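The block underneath contains the structure these notes are about, expressed in structure tokens.
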Amino acid sequence: MNFEYSEKSIAFQEKLRQFIARNILPVQEEVASFHRDPDNIWKRWPGIDAMKEKAKDEGLWNLFLPKTYGKLSPGLTNLEYAPLAEIMGRILWSSEVFNCSPPDTGNMEVLAKYGTPEQKDTWLYPLMQGDMRSSFLMTEPNVASSDATKIETSIVADGDDYVISGRKWWSSGAMDPNCKIAIVMGKTRFDAPRHLQHSMILVPMDAPGLEVIRPLSVFGYYDSQEGHE
Ligand SMILES: Cc1cc2nc3c(=O)[nH]c(=O)nc-3n(C[C@H](O)[C@H](O)[C@H](O)COP(=O)(O)OP(=O)(O)OC[C@H]3O[C@@H](n4cnc5c(N)ncnc54)[C@H](O)[C@@H]3O)c2cc1C
């Protein structure tokens, strides 16, 4: 297999490096000190939206979506995108600037592949514009969630609604004030073979009954906040 970078990927790499050098590196300390301030936890750094617009204007946008998605995609293969992800990954928060940050990336792919036209209008296109964020809710506190067959959340059809019963944690992005939608993994067929029981359901963050209980800290981040673990 040929792992050489294509000319297109090399050109994007160069453009990305230059954008980061011009726009991101100079404010790195400002962003870090903003997020170190306990008053700013779960707030968005105020400069982020202007920087996103700039990246969008320069064509450094939604780079993650593979070219198999046709006109939704900037036209890169996964192999062409991989070094771009590596460059963005050097600065913890920079992938959001290019609308390439998880869990939005995976969620957008799911919506692009399986969403109805209405779901795409409501969730996919605003996510692709960077106007909202999203979350992916699989992991549960009571089970070893690296094995998804153990997931306990139930999703039960009830007339025109679905009733979802369960508890999730480690839901990256759920505390972002811009997070409007969660893709939730649960089980709809408890009596099916164990690998055929699961479904994903779209849950707006303001759905009745959805309760965000508390933030979690990770890798030492947010430890300074009283009440965080
Ligand atoms: C920074 C961060 C972000 C995350 N973001 C998200 C997110 O957005 N959405 C989401 O749903 N989850 C998220 N997660 C959770 C993550 O997906 C889970 O932590 C991961 O899948 C492991 O599941 P677990 O924590 O239940 O650990 P466990 O499954 O309990 O695993 C603990 C240990 O036990 C081992 N183990 C488990 N089962 C077995 C077995 N049967 N035999 C032998 N060994 C076993 C594992 O290898 C591991 O070493 C995030 C986690 C982190 C740290």
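The values are calculated or read from the model by the stated rules, or taken from the named source; none is laboratory data. Nothing here was measured: the structure is a model prediction, and the numbers come from that model. Reconstructed Cβ throughout: ideal geometry from the backbone, glycine too, with neighbour counts over all protein chains shown. Heavy atoms of the whole protein, side chains included, go into the accessibility calculation; ligands, DNA and RNA do not. Shrake-Rupley method; radii C 1.70, N 1.55, O 1.52, S 1.80 Å.
Given the condition open to solvent by less than 60 Å² (accessible area, probe 1.4 Å) and part of a strand (DSSP E or B), answer yes or no: does some residue in the stretch 149-164 qualify?
Initial filter on the stretch 149-164 (open to solvent by less than 60 Å² (accessible area, probe 1.4 Å)): 149, 151, 153-155.
Adding the requirement that they be part of a strand (DSSP E or B) leaves 154-155.
Yes, the stretch 149-164 contains a residue that is open to solvent by less than 60 Å² (accessible area, probe 1.4 Å) and part of a strand (DSSP E or B).
Regarding the stretch 74-82, can at least one residue be identified that is in a helix (DSSP H, G or I), β-branched (Val, Ile, Thr) and not assigned by TED's automatic domain parsing to the domain that holds residue 129?
no
Cβ-Cβ distance below 6 Å, separation of 6 or more or different chains: which pairs start in the stretch 146-168 with a residue that is within 16 Å of the ligand (Cβ to nearest atom) and end on one that is polar (S, T, N, Q)? Partner pairs satisfying both residue conditions: 155/188; 155/199; 166/153. Evaluating residue 180 against the criteria (1) part of a strand (DSSP E or B); (2) of a type outside the set (Ser, Thr, Tyr); (3) within 11 Å of the ligand (Cβ to nearest atom) leaves one unmet condition, (3).
The sole residue among 26, 38, 46 that is in contact (Cβ under 8 Å) with a residue 24 or more places away in the chain and open to solvent by 50 Å² or more (accessible area, probe 1.4 Å) is 38. Going by the structure shown, is residue 216 surrounded by 13 or more Cβ atoms within 10 Å (Cβ to Cβ), modelled with pLDDT under 95 and either of a type outside the set (Lys, Arg) or in a loop (DSSP other than H, G, I, E, B) (or both)? It is true that residue 216 is surrounded by 13 or more Cβ atoms within 10 Å (Cβ to Cβ), modelled with pLDDT under 95 and either of a type outside the set (Lys, Arg) or in a loop (DSSP other than H, G, I, E, B) (or both).
Scanning the stretch 83-98 for residues that are part of a helix (DSSP H, G or I) and either touching a residue at least 60 places away in the same chain (Cβ under 8 Å) or loosely packed, with under 15 Cβ neighbours inside 10 Å (or both) yields 83, 84, 86, 87, 88, 94, 97. Taken together, the criteria place residue 226 among residues that are within 30 Å of residue 48 (Cα to Cα) and either modelled with pLDDT of 95 or more or not polar (S, T, N, Q) (or both).
With respect to residue 135, is the statement that it is open to solvent by 70 Å² or more (accessible area, probe 1.4 Å) and either near the ligand (Cβ under 8 Å from one of its atoms) or not assigned by TED's automatic domain parsing to the domain that holds residue 203 (or both) true? In short, no.
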